[in-house]
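Chemist: Take a look at the following structure, please.
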Amino acid sequence: MEKIPVGILGATGMVGQQYIALLANHPWFEVRYVAASPRSAGKVYQEAVGGRWNATRGDLGGPNSPAVASLTVEDANDVSRAMAAVKRGDLAFVFSALEMEKDEIKHLEERYAAAGIPVVSNASANRWTGDVPMLIAEVNPDHADIIPIQKKNRGWDKGFIAVKPNCSIQSYMTPLWALLQAGYEVQRIIVSTLQAISGAGYPGVPSLDIIDNIVPFIGGEEEKTEQEPLKILGSITGNSFTNAAGPAISAHCNRVPVIDGHTACVSLEFGAKKPSIDEIKRIWTSFKALPQELDLPMAPKQPIIIREEPNRPQPRKDRDKDKGMAVSVGRLRPCNVFDFRFVAVSHNTVRGAAGGGILNAELLKAKGYLG
Ligand code: NAP
């Protein structure tokens, strides 16, 4: 099968690098276009990234990133360069991993879509746009079906925007969804996240702030952690999404001295019907969704992995499970205030960023919206 040529906006950043590493041997997609800030534009990719190469999945220029190292970086703000790449047959859609002012990203992604180039985004800028789906492929794949409505709303022909949610919610959203899908209502959640420094991009948090320390504040993160699940659990009504009414979520988000892998400590309260611990384990172990049914290349075989050891999951030991795409859960036990509590770990730049974006693109292709 001829591979679909893809581009990465923000290709030089933490998430952009993960895209390049993860797409190196992808069976459907091939990176043929890279773009970043005007500071990097015009340089060869390897030179533009220089000593910032951080992706944990192989060296730049090595077997995990063959041809990309020698691509010339374009200015992501110059959509006409991307349109020229489309004409040449070097670009069908872009992954957006840009870090700029929110409004700038929102308008830039819209300019790509208006130019006929679909955007699969990691940025938060369009997450709350009413007709933009915020996808976790295992949880709300049906939300992709707003794309024809979005195109009609905007008068876009081929282009559209689909986003993924914040990395902080990835570790508990799939376990939560598995329980909801099994028929258990969840009313209230208290979650404390312990988030890796790679979540702040490069160079990220100053070393003097984070070594030997915990920073109990990540701007905007608690709001995202509390509100984004409600859109994901919501539904398409008319021309846009209506949020779910619950569960109510209270979040504490902390930056901790871990390089990759976000941890979430979760207490949850069920409605009148409460599962046993054995039932929760059975639901999590057997959980499979559309990406597994379709056998999408980036989908984890088992989305939720239960650790029975008393001291797991841990970011260093569990973040890479199943290509970095599985969520590891453990310490499931009764809660003295709510019903149950557990700890979950997911890889923030893979499941929570580039890997999740690739899985979304695979889902969109399987549904006929891409390629
Ligand atoms: P990052 O390491 O700071 O990388 C930012 C990228 O944006 C670089 O390629 C940079 O290019 C480019 N850029 C900066 N200013 C620009 C401008 N004015 N015009 C065009 N390009 C510009 O950030 P990151 O951690 O990879 O995050 C990228 C996006 O993913 C952000 O929206 C972030 O919120 C989101 N996200 C990150 C994570 C994570 O775990 N890190 C998880 C989920 C979502 P230069 O190299 O040329 O400066």
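The values are calculated or read from the model by the stated rules, or taken from the named source; none is laboratory data. Because the structure is predicted, anything quoted here is derived from the model rather than measured. Cβ: placed from backbone, ideal geometry, glycine included. Neighbour counts: every protein chain shown. Heads up: the accessible areas ignore ligands, DNA and RNA and are worked out on the full protein's heavy atoms, side chains in. Shrake-Rupley method; radii C 1.70, N 1.55, O 1.52, S 1.80 Å.
Chemist: Name the residue that is nearest to T263 (Cα to Cα), counting only residues in the stretch 281-313 that are open to solvent by 60 Å² or more (accessible area, probe 1.4 Å) and touching a helix residue (DSSP H, G or I) at 6+ places or on another chain (Cβ under 7 Å).
Modeler: Once the filter is applied, the top-ranked residue is Q302.
Chemist: Among A344, A299, which is the only one that is closer than 21 Å to D142 by Cα and among the small types (G, A, S)? Working first, answer last.
Modeler: Values: A344 fails: closer than 21 Å to D142 by Cα.
From the options A344, A299, the qualifying one is A299.
Chemist: May I pose another question? Being touching a helix residue (DSSP H, G or I) at 6+ places or on another chain (Cβ under 6 Å), within 15 Å of the ligand (Cβ to nearest atom) and not in a loop (DSSP other than H, G, I, E, B) is the filter here, so list the residues in the stretch 16-43 that pass it.
Modeler: Filtering the stretch 16-43 down to residues touching a helix residue (DSSP H, G or I) at 6+ places or on another chain (Cβ under 6 Å) leaves 18-20, 22, 29, 31, 33-34, 40.
So of that shortlist, the ones also within 15 Å of the ligand (Cβ to nearest atom) come out as 18-20, 22, 31, 33-34, 40.
Matches in the stretch 16-43: Q18, Y19, I20, L22, V31, Y33, V34.
Chemist: Follow-up. If you take the residues of the stretch 240-274 that are out of contact with any Asp or Glu (no Cβ under 6 Å at 6 or more places or on another chain) and among the polar types (S, T, N, Q), which of them is farthest from T129 (Cα to Cα)?
Modeler: The selected residue is S267.
Chemist: Which of the helices (runs of 4 or more DSSP H) found entirely inside the stretch 283-371 contain at least 2 residues meeting this: under 26 Å from P118 (Cα atoms)? Break it down into steps so the answer makes sense when it comes.
Modeler: On the way: elements: 290-293, 315-318, 321-324, 355-366.
Result: 290-293, 321-324, 355-366.
Chemist: Could you grab me the full set of residues in the stretch 316-369 that are of a type in the set (S, T, N, Q) and crowded, with 24+ Cβ neighbours inside 10 Å? Let's see the steps before the verdict.
Modeler: Within the stretch 316-369, the first condition is being of a type in the set (S, T, N, Q), and the residues that meet it are 328, 336, 346, 348-349, 360.
Within the stretch 316-369, S328, S346, N348, T349, N360 meet the criteria.
Chemist: Another question, then. Any residue at all in the stretch 219-228 that is farther than 19 Å from F270 by Cα and not in a helix (DSSP H, G or I)?
Modeler: Yes, there is a match, as at least one residue in the stretch 219-228 is farther than 19 Å from F270 by Cα and not in a helix (DSSP H, G or I).
Chemist: Scan (1) open to solvent by 20 Å² or more (accessible area, probe 1.4 Å); (2) over 17 Å from R351 (Cα atoms); (3) out of contact with any strand residue (DSSP E or B) (no Cβ under 8 Å at 6 or more places or on another chain) for the single condition R32 breaks and write down its number.
Modeler: Evaluating R32 over (1) open to solvent by 20 Å² or more (accessible area, probe 1.4 Å); (2) over 17 Å from R351 (Cα atoms); (3) out of contact with any strand residue (DSSP E or B) (no Cβ under 8 Å at 6 or more places or on another chain) leaves (3) as the failure.
Chemist: Residues in the stretch 69-81: is at least one in contact with a helix residue (DSSP H, G or I) (Cβ under 7 Å, 6 or more places away or on another chain), within 12 Å of the ligand (Cβ to nearest atom) and part of a helix (DSSP H, G or I)?
Modeler: Looking for residues that are in contact with a helix residue (DSSP H, G or I) (Cβ under 7 Å, 6 or more places away or on another chain), within 12 Å of the ligand (Cβ to nearest atom) and part of a helix (DSSP H, G or I), one finds at least one in the stretch 69-81, hence yes.
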